[in-house]
Amino acid sequence: MKTKAVLAVVLVVVSSLLLGSCAAGISQEDYYAVIAEWDAAQEQVANLQSDYISLQALRAVTLTRGPYLQSVTPTSILVAWETDKPADSVIEYGLTAEYGSIARDTALVTRHVIALDGLSPYTTYHYRVGTTACALSGDSSFKMAAVPEQKSFTFVAFGDTRTNVAAHQSVIDVILTVDPDFYLHTGDLVGDGSQLDQWNSFFQIEGDLMRNTALFPSLGNHEHDHLNYFDLFYLPHNERWYSFDYGHAHFICLQVDGFANHSPGSEQYLWLEYDLAHNDQPWAFVFFHIPPYSSGPHGSDLGVQAA
């Protein structure tokens, strides 16, 4: 209503100028000056109308996934979410629920991801996501990664959740009581990585955890090396295999899923050799899907053992 009132005032003022000018019998030069003012006013009205329509459209946007946390380091973190319609991306964040800082991206998208940088190690921040027009989520929080000097932190590792909804939910409920600093998933996040509805179920089950805790997943054979995995997650390096430091530990994720080559001399194998050679942390953890040794129904994998 305020926008419409402004438009009316602009038009009335300029119309008055034109009518007054005609009645006074002004010069041609002054007449053209008034016409120029009229054109400028019409442009201003059009801009205000466009802004009003854009704000109304942004208010109609609905959050469909997230927010969720990715690739946390001591000073940076990625926050991702999805909306049903294209919209700009806004994150309010700070040390309290009053926030105080804003990060934004003006691109109109349905898959949103913003990097927050320059943050303090192992510090908890509050945040919420939205658009220029309104907030889309409630208040959540995240904790930055620990620096090497810190010798104590908590993480959780699990896998093979697939479509076992009840068991998956039970595991997440327990993890929420542990409140880890971050968590690892060793693959087979879903039963069929090509099925988006299964990913929707995964994010629904893990939503409360992912909103406040960064996830580092690895590919399993049930992901089928599908594009959905790479669309949904924002991970270091090439997202297939990667590494990161947390505190005084080095974590390495490999793609051992039956799709990627991990044999001696392969790209992944050479990357792993380089990564291990340049690790200077006293602890190293390697996580991937297909185990070299197993007492389960699939048994041990001789190819992984040989590599």
*Order these peptides, 90-103, 232-245, by their mean beta-carbon neighbour count within 10 angstrom, highest first.*
232-245, 90-103
*asked:* Give me, ordered by chain and number, the residues 5 or more places off Val190 or on other chains with an amide H under 5 Å from its own placed amide H.
replied: Arg162
*Within 10 Å, count the other beta carbons around each residue, average over each peptide in 63-70, 179-186, and list them highest first.*
63-70, 179-186
*When a/c is below 1.5 the answer is rounded, else prolate if a/b is larger than b/c, else oblate, so apply that to segment 183-307 with a ≥ b ≥ c taken from the square roots of the Cα gyration tensor eigenvalues.*
oblate
*Mind giving me the nanometre distance, one decimal, between the label points for Val286 and Thr62, set 7 Å out from Cα along Cα→Cβ?*
4.7 nm
_Using amide H atoms built in the peptide plane, which far-off residues or other-chain residues are under 5 Å from Asp301 H to H?_
Tyr293, Ser294
_With the crude spin-label approximation of a point 7 Å out along Cα→Cβ, what separation in nm comes out for Tyr274 versus Val109?_
2.6 nm
*In sequence order, what are the phi-derived ³J(HN,Hα) couplings for segment 87-92 according to the Karplus relation 6.51 cos²θ - 1.76 cosθ + 1.60 with θ = phi - 60°, rounded to whole Hz, with x for glycine and proline?*
7, 6, 10, 9, 10, 9
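Quick check: convex hull over the Cα atoms of segment 92-132, volume per residue in Å³, rounded to an integer?
84 Å³
Note the full-extension length gain between Ala306 and Gln169 as 0.36 nm times their separation in residues minus their Cα-Cα distance, in nm to one decimal.
Full extension of this stretch gives 45.7 nm more.
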*For Ala157, enumerate residues with amide H under 5 Å from its amide H, sequence gap 5+ or separate chain, H modeled in the peptide plane.*
Leu184
*Tell me, what HN-Hα J-couplings in whole Hz come from the Karplus equation 6.51 cos²θ - 1.76 cosθ + 1.60 at θ = phi - 60° for each residue of segment 173-180, using x for Gly and Pro?*
4, 5, 4, 4, 6, 6, 6, x
_Segment Thr75-Tyr99, length gained on full extension (0.36 nm per residue, minus Cα span)_ = 6.9 nm
*What are the principal axis extents of the Cα atoms in segment 89-199, in Å, biggest first?*
40, 40, 22
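All of the numbers you see were taken from the coordinates with simple rules; none came from a lab. What you see is a predicted model; the values in this text were computed from it and never measured. Neighbour counts run over all protein chains shown; Cβ positions are idealised from the backbone, glycine included.
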